Structure formats: C-alpha cells, structure tokens
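Enquirer: Quick one: structure below, then a few questions.
Nothing in this text is a laboratory measurement; each read-out follows from the coordinates by a stated rule. Quick caveat: nothing in here was measured; it's all calculated off a predicted structure. Here the Cβ positions follow ideal geometry from the backbone for every residue, glycine too, while neighbour counts run over all protein chains shown.
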C-alpha cells in the first residue's frame with residue numbers, strides 16, 4: 001500500500017473508474033447479446049438501436065476506443081444480417 005497521500009487518492013480513483021468501466025463493458029455485451037437474440041423478431045430494431053447507442057456512449061465516455069466501437073457496431077450488423085438471411 002502506498003504511503004503518499006496523493007497516491008492513496010489515485011488508487012481509490014482508479015478503482016472507482018475500473019468498476020465503472022466494468023459495468024459499462026458488461027452492459028455493452030448484454031445489449032449486443034439481446035440484439036442478436038432479437039434478430040428477425042418484431043422488436044429487432046429497438047434492441048439494435050439500444051445496443052448501438054450503448055456502444056457509442058461507451059466510446060464517448062472513453063471506456064472503449066472509437067475504432068473499437070466502430071468494429072463492434074460493424075460486427076454486430078454483420079452478425080444480425082447473417083442471422084436474418086439464414087432464418088428467411
């Protein structure tokens with residue numbers, strides 16, 4: 001454990017940020033999974049919009065890089081389109 005007061009504060013701040021980032025990344029994964037599960041149903045568009053919105057917000061807040069957000073959205077769209085063509 002650090003003895004310096006500013007370092008003790010920094011450790012607490014880093015821990016809080018780590019927990020927040022963990023929650024955000026978990027929510028991104030959950031929304032992505034929900035969007036994939038809803039592919040081809042009547043609420044497909046709603047869940048897809050929610051997943052994309054959450055990915056964009058995570059990138060805006062700095063939890064993930066903007067290029068990673070673009071890759072996640074692109075991959076999500078490709079997977080959903082593949083699922084729709086196999087179901088049809």
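Enquirer: Cα extents of the chain along the three principal axes, largest first, in whole Å?
Expert: Computed over the Cα atoms, the extents are 64, 21, 17 Å.
Enquirer: Helix 5-37 versus the longest principal axis of the chain: what angle, 0 to 90°, nearest 10, using Cα atoms?
Expert: 10
Enquirer: Something else about it: When the label point is put 7 Å from the Cα of residue 82 along its Cα-to-beta-carbon vector, which residues of segment 8-47 have a backbone N closer than 19 Å?
Expert: 29-41
Enquirer: Peptides 61-71, 1-11: what's the order by average Cβ count within 10 Å, highest mean first?
Expert: The most tightly packed comes first, giving 61-71, 1-11.
Enquirer: Suppose a student asked you for the relative contact order of segment 5-87, using Cα pairs under 8 Å spaced at least 6 residues apart; what percent would you report?
Expert: Once divided by the residue count of segment 5-87, the mean separation gives 29 percent.
Enquirer: Taking the beta-carbon count within 10 Å as an exposure proxy, list 83, 48 from fewest neighbours to most.
Expert: With the fewest neighbours first, 83, 48 line up as 83, 48.
Enquirer: Nearest 10 degrees, 0 to 90: what angle lies between the long axis of helix 66-87 and the longest principal axis of the chain (Cα atoms)?
Expert: Taking the Cα atoms of the chain, the angle to 66-87 is about 30 degrees.
Enquirer: With angles folded into 0 to 90 degrees, how steeply does helix 44-61 sit against the dominant principal axis of the chain? Use alpha carbons for both and round to 10.
Expert: 20
Enquirer: Here's another thing I want to ask about it. Can you compute the FRET efficiency between residue 56 and residue 18 using 1/(1 + (r/R0)^6), with r the Cβ-Cβ distance and R0 = 25 Å? Round to the nearest 0.05.
Expert: Given R0 = 25 Å and the Cβ-Cβ separation, E is 0.70.
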